[in-house]
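Inspection log for the structure reproduced underneath, given as C-alpha cells.
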Amino acid sequence: YNLGLVATGDKAFNPKTDSILFDSFFGAPSNIDAREFSDMETEIKALDIRLKTLEKDPANYAKFLSNNPEAPALVNYYNEAVNGDLKDLREMANFVRASREFTPKERNETVRSIVRMQNLVKRSILNNYKELKD
C-alpha cells in the first residue's frame with residue numbers, strides 16, 4: 001500500500017516503513033526537548049501533589065513554602081502554559097492526524113511542522129521554568 005502511494009506521489013518514500021529489509025534497523029529519533037519537558041512535567045506534578053497534600057497541614061505547608069517559595073508560582077506557570085498554546089497545538093496535531101482530507105504526504109508534513117512548533121513552545125516553557133526555579 002505504501003509503495004503504491006509513493007508511486008502516485010501522495011507519499012514520500014520512507015525506508016523505515018516502505019522496505020521490509022530495513023524496518024527493524026530504524027528507530028525513532030530522540031528529542032532532547034521532549035525528554036527534558038517530560039522530566040519537568042514529572043517534577044511539577046509531584047510538586048503540585050505535595051502542595052495539595054500539605055495544604056491540609058498549615059504548619060508543614062508554611063515550612064515547605066519557606067524552603068521552596070517558588071513552588072506555587074512554578075505550578076501555576078506550568079498549568080497556564082500547558083493549557084494555552086501547547087494545548088491548542090496538540091489538538092491541532094491530533095485533528096490533522098485523524099483527518100482524511102489530506103494525503104499521507106501532506107498529513108506528515110503538516111504534523112511535522114506542528115510538532116516543530118510544539119517543540120519551540122516546550123523549549124520556551126522549559127527556559128521560563130528554569131528561570132523561575134533559580
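Some notes on this structure:
- FRET efficiency, MET92 to LYS130 (Cβ-Cβ, R0 22 Å, nearest 0.05): 0.25
- Charge dipole magnitude, Cβ of K and R +1, D and E -1 - region 26-134, Cα centre, debye nearest 20: 340
- In loop segments of region 55-134 as defined by DSSP, the GluC sites (Glu not before Pro) with at most 15 further C-beta atoms inside 10 Å of their C-beta are GLU55, GLU70, GLU101.
A short reminder: the numbers here are calculations on the coordinates, not readings from a lab. Remember, predicted model here, so these are calculated numbers, not experimental data. No Cβ is skipped: glycine too gets one built from the backbone with ideal geometry, and neighbour counts run over all protein chains shown.
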